[in-house]
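Reviewing the structure listed below.
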Amino acid sequence: MKKIFSVLFVLILFVSLTNAQSKMSLGLNGGTAIPTGDFADGFDLGWGGNALFAYHVSPNADLTASAGYISWSGKDSVDATYSSIPVLFGAKYLFGKDKVRGYGSAELGVHFTTLDLPEYNVGGVMFGGKQSDVFFGWGIGAGVMFKVGEKVDLDLSAKYNMIVVGEENSWDQQSTSIDYFGIMLGVWFDLN
């Protein structure tokens, strides 16, 4: 819970430090997170959402910040969950000036993760339990913004995400990661 309050504090501080006369937007989105690669071998479809912030540096470019929560359950009735609180900063470039605008985005940041496995006692030694870590992550995506009101936009987006969890071994430096493809539907509100 302290992590969530820390993330919210950073987002509020970020908003307050920006120029109040500049154009800014706040948003919320929710949707699914489809595991890919090795991550898909152990976990099913995930669900979650994000709080979003955009600072419009030009009519077609935004600086962005987001914080959210996503959770996946274990496959094949395994009582395991993997969750992430992503805190990401990035940029978005919008195409056109119509009521329907496409965009591309890229983000970098950290993921506060928790792996929760069932606990087992084998010969007096406990296995499983909760393990929390903080890992670097990035995402790249695209989306479409639909103007539905003077200061309201609907946002449909798709984004490939990677959480870099470490090195597989030291002799060839292969990195391991948790990869997922997020499909989100959200709403944005202009603040000016």
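Values in this text are rule-based calculations from the coordinates and carry no lab data. Everything quoted here is computed from the prediction, not taken from an experiment. Here the Cβ is made from the backbone with ideal geometry for all residues, glycine too, and neighbour counts use every protein chain on show.
If we count every other residue with Cβ under 12 angstrom of TYR160's Cβ, Lys/Arg +1 and Asp/Glu -1, where does the sum land?
Net of charged neighbours comes to -1.
Report, ordered by chain and residue number, the aspartates and glutamates lying within cross-link reach of LYS75, taken as a straight Cα distance under 18 Å and ignoring same-chain residues fewer than 8 apart.
Partners found: ASP38, ASP41, ASP44, ASP116, GLU119, ASP179.
What does the charge count near GLY128 come to, summing +1 for each Lys or Arg and -1 for each Asp or Glu among other residues with Cβ under 10 Å from its Cβ?
Around GLY128, the charge tally is -2.
Calculate the FRET efficiency for SER58 and ASP133 from the Cβ-Cβ distance with a Förster distance of 30 Å, rounded to the nearest 0.05.
0.20
Measuring from centroid to centroid over Cα atoms, what is the spacing of region 96-131 and region 61-92 in Å?
5 Å
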